[in-house]
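Presented below is the structure to which this report refers.
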Amino acid sequence: MLLSFDWDASSGCRELVFDAPIWGSPDRESDRLAAWQTRALKRGAGATGWAALDADFPLYSGWEAFEQYAGLPAFVAWSHAHAWAWLEQFPGREVLNIDSHHDLTSLSGDPAKLRPGNWAGLGLAAGLISRYEVRYPAWHAELPVAEGFDLARTERELAAQLSAEVLDRVMLSRSGPPSPGDISPLPPKREVEALLLVQSPSWTSPAHDPAFLGLASALGAQVLSGPYLRPWPGVQQLN
């Protein structure tokens with residue numbers, strides 16, 4: 001199988017954080033940096049760093065377990081819109097995606113245009129993915145607005161948007177209680193052919209960029225699109 005890990009499954013939010021991007025956010029340059037500066041300043045008028053975000057936007061445990069896949073082909077991108085190049089290297093495989101969003105379809109924009117919110121649905125329709133499971137993190141169970149809070153509700157929403165042929169190859173699941181990690185258990189290394197790490201900076205706190213980049217480095221990930229390192233107040237992209 002192929003294993004995809006969207007960083008927003010670990011870089012998340014607490015319950016009732018109403019300016020959290022999980023409530024709904026586009027993916028524009030301003031959403032990747034300026035919106036996060038605005039959130040930090042709302043939590044402290046004199047904020048000069050991302051630490052002001054920590055209470056409402058924690059880094060949940062479990063992501064460290066991905067280091068077990070060191071030695072496998074690994075890739076990193078800042079957006080799931082860039083996953084197509086990964087899928088084309090391993091066409092027709094099953095995909096397990098650890099994510100805060102199903103990425104199967106989006107109600108906004110051209111449904112045929114590849115975007116972070118529909119790459120998996122388009123991959124299924126094109127035959128690049130044989131079967132697809134999205135596994136939501138355990139902390140969604142405490143967050144009623146999240147897709148992974150009520151799987152039956154999310155399944156009903158998808159049934160109205162996806163063809164029966166695609167829907168038959170889709171599974172929604174959620175990780176169990178947060179012990180030993182919020183995204184465990186993960187598949188054993190012997191079952192994983194290749195790994196994709198996705199930063200999703202519109203939805204993940206800049207305070208957690210160093211941890212993400214450290215994980216990508218530990219896995220020797222090949223760059224599909226350079227992830228962000230967002231120092232205060234500027235932004236820098238890695239080559």
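No lab work stands behind these numbers, since they all come straight from the coordinates. Given the structure is predicted, the values throughout are model-derived calculations rather than measurements. Every residue, glycine among them, receives a Cβ derived from its backbone with ideal geometry; neighbour counts consider all protein chains shown.
Observations
- With the highest mean first, a sort of the peptides 155-161, 4-10, 206-212 on other beta-carbon atoms found within 10 angstrom per residue produces 4-10, 206-212, 155-161.
- The gain in end-to-end length when the Val145 to Glu29 segment is fully stretched comes to 39.3 nm, 0.36 nm per residue minus the alpha carbon separation.
- Proxy reagent accessibility, fewest Cβ within 10 Å first, across Arg14, Arg32: Arg14, Arg32
- All Cα-Cα distances of segment 64-169, cut into 5 Å bins from zero to the largest, leave 2, 11, 20, 24, 21, 13, 7, 2, 0 percent in each bin in turn.
- With each label modelled as a point 7 angstrom along the Cα→C-beta vector, the Val223-Leu167 pair spans 4.2 nm.
- Distant-in-sequence amide contacts of Leu196, defined by a placed amide H-H separation under 5 Å and a gap of 5 or more residues or a different chain, comprise Leu3, Ser4, Phe5, Phe75.
- Extended-chain gain in nm, criterion 0.36 nm per residue less alpha-carbon gap, Ala112 and Arg156: 13.7 nm
- Debye, to nearest 20: dipole size of segment 2-237, +1 on Lys, Arg Cβ, -1 on Asp, Glu Cβ: 260 debye
- Toward the positive end of the charge dipole of the chain, with +1 on the Cβ of Lys and Arg and -1 on the Cβ of Asp and Glu, the farthest Cα among Ala211, Ala77, Gly49 is that of Gly49.
- For the chain, alpha-carbon Rg relative to the globular expectation (2.2 N^0.38 Å, N residues): 0.96
- Unit charges on C-beta of K, R, D, E only; dipole of segment 94-213, Debye: 100 debye
- Divided by 2.2 N^0.38 Å, where N counts the residues, the Cα radius of gyration of segment 1-93 comes to 1.32.
- Residue exposure sequence - Lys113, Lys42 - by fewest surrounding Cβ within 10 Å: Lys113, Lys42
- Each of Leu196, Ala164, Thr105 was scored by the projection of its Cα onto the charge dipole of segment 2-237, and the greatest displacement toward the positive side belongs to Leu196; charges sit on the C-beta of Lys, Arg, Asp and Glu.
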